[in-house]
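Data first, discussion second: the structure below is written as structure tokens.
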Amino acid sequence: RRDGQSAYVGATDWDLRFREDIYNLTGTLAASRAGGPGDRHGGYIAHVEFDKRGGWFETEAGLAALSPGVDINDLGFLRRGDLLKSWGQIKFYRYKPIGPFRAFDNRFQGEAEWNYDRLLLNHSYSVSNWADLHNYWRIHLHFGRELAVMDDNDVRRGGPIVKRLAESWIHGRVETDERKTLSFYLHPDWRRNDGGRSYVRGLRSGVVWKPLPSVQVSMEPRYERKVTDAQWVGALTGAGGVDYVYGELDSRTLDLTTRAEVSFAPGLSLELYLQPFIAIGDFGDFKELNAAQSYDFSPYVLDENRDFHRRSLKSNLVLRWEFSPGSALFVVWSQSRSANLDDPTDEDLEFRPRSRIGSSFSDNGDHVLLVKASYWVGG
């Protein structure tokens with residue numbers, strides 16, 4: 001490429017099916033090469049999976065490998081390489097009424113991940129249960145266990161490999177009959193590790209109101225309280241060299257996503273999207289990692305304010321008019337507001353959701369008015 005570094009990717013995949021598509025064997029092989037002279041690197045992706053589909057019993061098992069040098073980001077997005085992964089799942093389900101259920105499925109899942117240095121990065125098990133009731137409500141319960149492993153995420157930020165403590169988690173969901181004029185769902189979430197003080201408590205919910213076939217309004221608030229016992233801060237230069245510093249982070253997030261849609265005629269509609277969002281984080285109890293691949297810390301004095309207070313507001317209002325088949329006019333008003341406090345005070349770290357959400361509507365931001373017209377020329 002002119003004035004750039006060349007990048008190449010080649011891949012092949014397969015989907016083999018047997019016994020009237022009940023058994024499947026799928027897979028992928030890909031290779032990449034990227035970089036300039038003196039910095040050229042290559043790698044591969046390999047994936048194979050066996051599935052049994054159909055009947056009351058289903059299962060799958062798979063293996064995947066992403067080498068350390070693989071790079072396909074010129075084509076798409078790759079979260080990371082240097083990963084070996086295996087997984088399996090067993091599923092039992094019934095889509096015919098039995099007892100209080102119209103249908104249900106139960107799944108048992110397990111997975112494990114390593115890097116190419118053979119360090120175990122993930123080893124987890126979970127059980128998932130879905131059930132549809134005769135009144136068209138749906139209930140869900142999902143719980144699992146993650147065993148103690150190593151965590152190499154901080155390596156890409158200049159840090160060491162650290163131990164990640166075992167933890168347990170559970171979340172559920174209740175959904176009412178979405179055919180009704182008013183429906184809602186609740187989705188609580190809970191997670192806690194074994195030896196530290198880290199935990200997550202969250203609640204997502206949603207309400208949908210359909211007073212008329214042409215009108216629909218929905219609101220989906222989401223709240224999360226997360227305490228991380230050892231959140232990465234940075235590799236800081238100290239008296240004895242580089243210190244790998246972590247801190248306890250108490251963070252809270254809230255967003256209030258709202259959508260509304262009104263259809264005035266088959267070709268004329270108005271849609272609204274509105275999302276105020278706040279995130280507040282309070283750092284404390286800074287500590288230094290004593291040894292790599294451990295969860296052993298010593299107190300550390302850090303004379304910096306790492307706390308944060310961020311707010312944002314994203315909204316779109318779209319008027320769409322299809323004045324003839326294939327031809328349409330769009331009028332869009334979009335606004336984007338945000339505030340990021342550089343040195344938040346104790347008062348700024350108070351959550352106070354009502355006032356914080358209200359402030360997001362008056363923060364500085366940008367407004368965009370867009371008009372687009374398309375006209376279909378028939379053949």
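The values are calculated or read from the model by the stated rules, or taken from the named source; none is laboratory data. Just so we're clear, the structure is a prediction, and the values are computed from it rather than from any experiment. With ideal geometry, Cβ positions are generated from the backbone for all residues, glycine too; neighbour counts draw on all protein chains shown. Each accessible area value is taken on the protein alone, full model and side chains, heavy atoms only, with ligands, DNA and RNA left out. Shrake-Rupley method; radii C 1.70, N 1.55, O 1.52, S 1.80 Å.
Please specify each residue of the stretch 51-67 satisfying the condition of being under 26 Å from the mean Cα position of the chain (by Cα) and assigned to a strand (DSSP E or B). It would help to see each step written out before you state the result.
First, the residues of the stretch 51-67 that are under 26 Å from the mean Cα position of the chain (by Cα): 51, 59-67.
Matches in the stretch 51-67: D51, T59, E60, A61, G62, L63, A64, A65, L66.
Would you confirm, using the coordinates I've provided, whether D346 is of a type in the set (D, E), loosely packed, with under 15 Cβ neighbours inside 10 Å and over 20 Å from S251 (Cβ atoms)?
Details: of a type in the set (D, E): yes; loosely packed, with under 15 Cβ neighbours inside 10 Å: yes; over 20 Å from S251 (Cβ atoms): no.
No, not satisfied.
Name the strands (runs of 3 or more DSSP E) wholly within the stretch 136-213 that hold at least 3 residues that are in contact (Cβ under 8 Å) with a residue 12 or more places away in the chain and under 30 Å from A260 (Cβ atoms)?
Values: elements: 138-146, 149-151, 162-164, 167-175, 182-193, 199-212.
Because the criterion is at least 3 residues that are in contact (Cβ under 8 Å) with a residue 12 or more places away in the chain and under 30 Å from A260 (Cβ atoms), the strands (runs of 3 or more DSSP E) in the stretch 136-213 that meet it are 138-146, 167-175, 182-193, 199-212.
Being part of a loop (DSSP other than H, G, I, E, B), farther than 30 Å from R94 by Cα and not basic (K, R) is the filter here; which residues of the stretch 116-135 pass it? I'd like the intermediate steps shown before the answer.
Narrowing the stretch 116-135 to residues part of a loop (DSSP other than H, G, I, E, B): 116-119, 134-135.
When the remaining residues are screened for being farther than 30 Å from R94 by Cα, the result is 116-119.
Y116, D117, L119, listed by residue number.
Does any residue of the stretch 2-21 turn out to be assigned to a loop (DSSP other than H, G, I, E, B), surrounded by 13 or more Cβ atoms within 10 Å (Cβ to Cβ) and not polar (S, T, N, Q)? Can you show your working first?
First pass over the stretch 2-21, keeping only residues assigned to a loop (DSSP other than H, G, I, E, B): 2-6, 19-21.
Of the ones still in play, those that are also surrounded by 13 or more Cβ atoms within 10 Å (Cβ to Cβ) are none.
No, the stretch 2-21 contains no residue that is assigned to a loop (DSSP other than H, G, I, E, B), surrounded by 13 or more Cβ atoms within 10 Å (Cβ to Cβ) and not polar (S, T, N, Q).
Would you point out which residue out of G27, G43 is in a strand (DSSP E or B), open to solvent by less than 40 Å² (accessible area, probe 1.4 Å) and more than 26 Å from F108 (Cβ to Cβ)? Explain how you work it out, then say what you get.
On the way: G27 fails: more than 26 Å from F108 (Cβ to Cβ).
Every option except G43 fails the conditions.
Can you confirm whether R222 is more than 17 Å from L349 (Cβ to Cβ), free of Cβ contacts under 8 Å to residues at least 40 places away in the same chain, in a strand (DSSP E or B) and touching a Leu at 6+ places or on another chain (Cβ under 9 Å)? Reasoning before the result, please.
Details: more than 17 Å from L349 (Cβ to Cβ): yes; free of Cβ contacts under 8 Å to residues at least 40 places away in the same chain: yes; in a strand (DSSP E or B): yes; touching a Leu at 6+ places or on another chain (Cβ under 9 Å): yes.
Judged against the criteria, R222 is a match.
If you take the residues in the stretch 234-255 that are among the hydrophobic types (A, V, I, L, M, F, W, C) and either open to solvent by less than 20 Å² (accessible area, probe 1.4 Å) or at pLDDT 95 or above (or both), which one is farthest from N316 (Cα to Cα)?
Just the residues of the stretch 234-255 that are among the hydrophobic types (A, V, I, L, M, F, W, C), to begin with: 235-236, 239, 242, 245, 249, 254.
Restricting the remaining residues to those that are either open to solvent by less than 20 Å² (accessible area, probe 1.4 Å) or at pLDDT 95 or above (or both) gives 245, 249, 254.
Values: V245: 41, L249: 33, L254: 19 Å.
Filtering the stretch 234-255 for residues that are among the hydrophobic types (A, V, I, L, M, F, W, C) and either open to solvent by less than 20 Å² (accessible area, probe 1.4 Å) or at pLDDT 95 or above (or both), the one farthest from N316 (Cα to Cα) comes out as V245.
When you go through T237, T258, T253, T228 one by one, which is the residue that is of a type in the set (S, T, Y), at negative phi and either more than 29 Å from the chain's Cα centre (by Cα) or assigned to a loop (DSSP other than H, G, I, E, B) (or both)?
Working: T258 fails: either more than 29 Å from the chain's Cα centre (by Cα) or assigned to a loop (DSSP other than H, G, I, E, B) (or both); T253 fails: either more than 29 Å from the chain's Cα centre (by Cα) or assigned to a loop (DSSP other than H, G, I, E, B) (or both); T228 fails: either more than 29 Å from the chain's Cα centre (by Cα) or assigned to a loop (DSSP other than H, G, I, E, B) (or both).
Answer to the selection: T237.
Let's see how each residue does on (1) out of contact with any Leu (no Cβ under 9 Å at 6 or more places or on another chain); (2) touching a residue at least 60 places away in the same chain (Cβ under 8 Å); (3) over 25 Å from L341 (Cα atoms); (4) among the basic types (K, R):
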residue	(1), (2), (3), (4)
E271	no, no, yes, no
L274	no, no, no, no
D282	no, yes, no, no
D285	yes, no, no, no
S294	yes, yes, yes, no
P299	yes, no, yes, no
F308	no, no, no, no
